[in-house]
Amino acid sequence: MDAATAGTDLEHVLLSREQVATRIAELAADLDRDYADKDVLLVGVLKGAVMVMADLSRAMNIPLSMDFMAVSSYGSGTKSSGVVRILKDLDTDILGRHVVVVEDIIDSGLTLSWLLANLSSRGPASVKVCALLRKPEAAKVEVDVEYVGYDIPNEFVVGYGLDFADKYRNLDCVATLAPHVYS
Ligand SMILES: O=P(O)(O)OC[C@H]1O[C@H](OP(=O)(O)OP(=O)(O)O)[C@H](O)[C@@H]1O
Ligand SMILES: [Mg+2]
């Protein structure tokens, strides 16, 4: 769905479909360069990272593997609870593997910091993070993120995998929601 079709549900578009695509292509080129001689495993964090994962992996030109984890800290609301639950674990043993965690957004950082500790305890050769969006002003914990698409203001956003109450993930841009949608 595009922004015009979503209409008055959206307040303003932060990143157009083109801006997202351009940055994803740049991140893919960075990963191609850094993992050219490594057997890389992309780990997508469901559900938010599905769009990033699909587009990023297809923009990459090196051999790679893909796996997914589902963790949830937000439920259906707009605030992180800080309590992370594994809803689906990896199928892959990551011992000795080069892992890149693929995320849609780093907001408080709580999900990622928990996830990095969890993955690191499994003995990977390396763990790095690639996230399309980051909210520097919202950080509750500092997490080292190697590959970031865009730093954005501290506003709740939807689209390109990001949801509000499980909707708007299929929006092709990143936008803020109009107040009437929340109430
Ligand atoms: O930095 P944080 O404050 O922890 O927020 C970021 C996390 O929250 C969202 O996931 P969510 O728990 O909403 O699940 P979803 O991906 O299924 O929407 C998002 O996809 C990140 O994984
Ligand atoms: Mg969510």
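Quick notes on this structure:
- Distance between the modelled labels on residue 59 and residue 167, one decimal in nanometres: 2.9 nm (7 Å Cα→Cβ projection).
- Think of segment 18-155 as having a plus end and a minus end, set by charges on the Cβ of Lys, Arg, Asp and Glu; of 87, 110, 59, 87 sits farthest toward the positive end of this dipole.
- Test item: Cα-centred dipole of segment 2-102, Lys/Arg +1 and Asp/Glu -1 on Cβ, debye: 300 debye
- Taking amide H atoms as placed 1.01 Å from N in the peptide plane, the amide H of residue 100 lies under 5 Å from those of 41, 42, 43, 128, each 5 or more residues away in sequence or on another chain.
- Whole-Hz ³J(HN,Hα) from phi, Karplus 6.51 cos²θ - 1.76 cosθ + 1.60, for segment 46-58, glycine and proline x: 6, 8, x, 7, 4, 5, 4, 4, 5, 7, 4, 5, 6
- Segment 18-155: C-alpha gyration tensor shape, a/c 1.5 cut-off, then a/b vs b/c: oblate
- For the chain, carbon and sulfur atoms together expose 51% of the accessible surface, with a 1.4 angstrom probe and every protein chain in place.
- Amide H within-cut-off set for residue 149, under 5 Å, with H built and near neighbours excluded: 131, 132, 133
- Protein heavy-atom accessible surface, 1.4 Å probe, per residue over the chain: 47 Å².
- Once the Cβ-Cβ distance of residue 11 and residue 120 is raised to the sixth power relative to R0 = 30 Å, the FRET efficiency obtained is 0.20.
- Local electrostatic count at residue 23 - Lys and Arg +1, Asp and Glu -1, tallied over other residues with Cβ under 13 Å: -4
- Charge sum, other residues only, whose C-beta stays under 11 Å from residue 123's C-beta, Lys/Arg counted +1 and Asp/Glu -1: +1
- Counted by Cβ distance under 9 Å from residue 135, the other residues give a net charge of -3, where Lys and Arg count +1 and Asp and Glu count -1.
- Residues whose placed amide H lies under 5 Å from that of residue 14, excluding near-sequence neighbours: 174, 175, 176
- Cα→Cβ-extended label distance, 7 Å offset, between residue 87 and residue 25, nm: 3.3 nm
- Net dipole in debye of the chain [+1 Lys, Arg Cβ; -1 Asp, Glu Cβ; about Cα centre; nearest 20]: 400 debye
- Segment 1-138: relative contact order as a whole-number percent, Cα under 8 Å and 6+ apart: 22 percent
- Of all lysines in the structure, those lying under 28 Å Cα to Cα from residue 38, and not within fewer than 8 positions of it along the same chain, are 47, 88, 128.
The values are calculated or read from the model by the stated rules, or taken from the named source; none is laboratory data. Note that this is a predicted model, so its numbers are computed, not measured. Every residue, glycine among them, receives a Cβ derived from its backbone with ideal geometry; neighbour counts consider all protein chains shown. Calculation scope for accessible area: heavy atoms of the full protein, side chains included, ligands and nucleic acids excluded. Shrake-Rupley method; radii C 1.70, N 1.55, O 1.52, S 1.80 Å.
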